[in-house]
Amino acid sequence: MNVFRLAGDLSHLLAIIILLLKIWKTRSCAGISGRSQILFALVYTTRYLDLFTNFISLYNSVMKVFFISTSCATIYLMYVKFKATYDHNHDTFRIGFLLIPVTILGLLINHDFTPLEVLWTFSIYLESVAILPQLFMVSKTGDAETITSHYLFCLGLYRALYIFNWIYRYYFEGFYDLIAIVAGVVQTVLYCDFFYLYVTRVIKGKALKLPA
Amino acid sequence: LESFKQKDEL
């Protein structure tokens with residue numbers, strides 16, 4: 001565990017807390033893509049199956065349980081409790097366009113052709129693109145609430161910090177996982193446009209409105 | 001290559 005890894009995990013944790021607080025406090029999930037949230041729930045449940053087969057550390061297990069349970073809670077809030085506020089008219093990204101290629105890629109390019117390893121690989125690939133329905137929704141409506149943009153910033157920052165963690169681990173531990181690195185870079189690149197808007201608008205106290 | 005048991009990252 002190095003400082004980049006810890007900062008990345010904390011950023012990830014913060015993103016989820018911001019999202020849940022936004023939904024809970026405003027009693028609304030307006031502006032949030034349910035499709036991205038379903039993909040994230042799929043990411044965590046397929047990646048953390050080793051929770052039942054392998055104990056790594058208390059930190060590791062607690063975080064895994066947190067990510068799985070909060071992603072399920074988010075889906076419950078969006079599709080059951082605050083269903084009326086869910087903006088499904090703007091949440092139209094076809095997730096099959098992501099799930100099908102990611103499944104094929106996971107079956108073809110993996111470290112080991114075993115069920116757990118293929119599911120882990122699928123989850124890494126899926127996570128890299130899971131935010132696309134949300135970004136598509138923001139671009140479709142042309143804006144995002146400030147709290148939603150804080151959520152997106154923390155969520156994007158988390159994988160960017162993991163890249164620094166991987167650089168650190170490569171130099172100091174000789175460790176690298178090419179699948180995680182390539183997917184992590186793709187994931188971070190997808191946020192670049194949003195990062196630019198966040199820094200130039202939200203930080204300066206303006207709402208996140210896309211240029212017409 | 002790294003085996004599954006070495007995956008400590010989240």
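The values are calculated or read from the model by the stated rules, or taken from the named source; none is laboratory data. Just so you know, these numbers come straight off a predicted model, no measurement behind them. Because the Cβ atoms are built from the backbone with ideal geometry, glycine has one as well, and the counts that use them run over all protein chains shown.
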Next item on the list: Provide a single number: the residues in the range A:107-119 that are surrounded by 12 or more Cβ atoms within 10 Å (Cβ to Cβ) and away from chain B (no Cβ under 14 Å).
Entry: 1
Checklist line | Filter result for residue A:43 (without any contact (Cβ under 8 Å) to a residue 24 or more places away in the chain, of a type in the set (Val, Ile, Thr) and either within 13 Å of chain B (Cβ to nearest Cβ) or more than 21 Å from residue A:150 (Cα to Cα) (or both)) | finding: no
Notebook entry, point to check: What single numbered condition from (1) within 22 Å of residue A:6 (Cβ to Cβ); (2) part of a helix (DSSP H, G or I) fails to hold for residue A:175?
Noted result: (2)
Checklist line | Residue that is farthest from residue A:165 (Cα to Cα) [pool: residues in the range A:15-29 that are more than 14 Å from every other protein chain (Cβ to nearest Cβ) and buried (at least 16 other Cβ atoms within 10 Å of the Cβ)] | finding: A:28
Next item on the list: Note down all Cβ pairs under 6 Å where the first residue falls in the range A:77-105 and is closer than 16 Å to residue A:133 by Cα, the second is of a type in the set (A, V, I, L, M, F, W, C) and assigned to a helix (DSSP H, G or I), and they're at least six residues apart or on different chains.
Entry: A:86/A:78; A:90/A:137; A:91/A:137; A:93/A:136; A:98/A:129; A:102/A:126
Notebook entry, point to check: How about the range A:46-89: which of its residues are outside any helix (DSSP H, G or I), more than 11 Å from chain B (Cβ to nearest Cβ) and surrounded by 15 or more Cβ atoms within 10 Å (Cβ to Cβ)?
Noted result: A:82, A:86, A:87
Check: Do we have residue A:191 as surrounded by 14 or more Cβ atoms within 10 Å (Cβ to Cβ), at pLDDT 95 or above and over 19 Å from the mean Cα position of the chain (by Cα) here?
Finding: no
Next item on the list: Could you please give the count of residues in the range A:120-162 that are surrounded by fewer than 19 Cβ atoms within 10 Å (Cβ to Cβ) and either over 30 Å from residue A:203 (Cα atoms) or without any contact (Cβ under 8 Å) to a residue 40 or more places away in the chain (or both)?
Entry: 0
Item checked: Filtered residues of the range A:90-131 (kept if of a type in the set (Ser, Thr, Tyr), under 29 Å from residue A:29 (Cβ atoms) and outside any helix (DSSP H, G or I)) -> A:92
Next item on the list: Restrict the check to the range A:144-158 and report whether at least one residue is in contact with a strand residue (DSSP E or B) (Cβ under 6 Å, 6 or more places away or on another chain) and either within 14 Å of chain B (Cβ to nearest Cβ) or under 24 Å from residue A:194 (Cα atoms) (or both).
Entry: yes
Check: Is it fair to say residue A:152 is farther than 23 Å from residue A:2 by Cα and in a helix (DSSP H, G or I)?
Finding: yes
Margin query: Any residue at all in the range A:159-182 that's modelled with pLDDT under 95, more than 13 Å from chain B (Cβ to nearest Cβ) and either in contact with a Cys (Cβ under 7 Å, 6 or more places away or on another chain) or over 21 Å from residue A:9 (Cα atoms) (or both)?
Written below: no
Next item on the list: For the range A:141-156, state whether one or more residues are in contact with a His (Cβ under 7 Å, 6 or more places away or on another chain), over 26 Å from residue A:106 (Cβ atoms) and not aliphatic (A, V, I, L, M).
Entry: yes
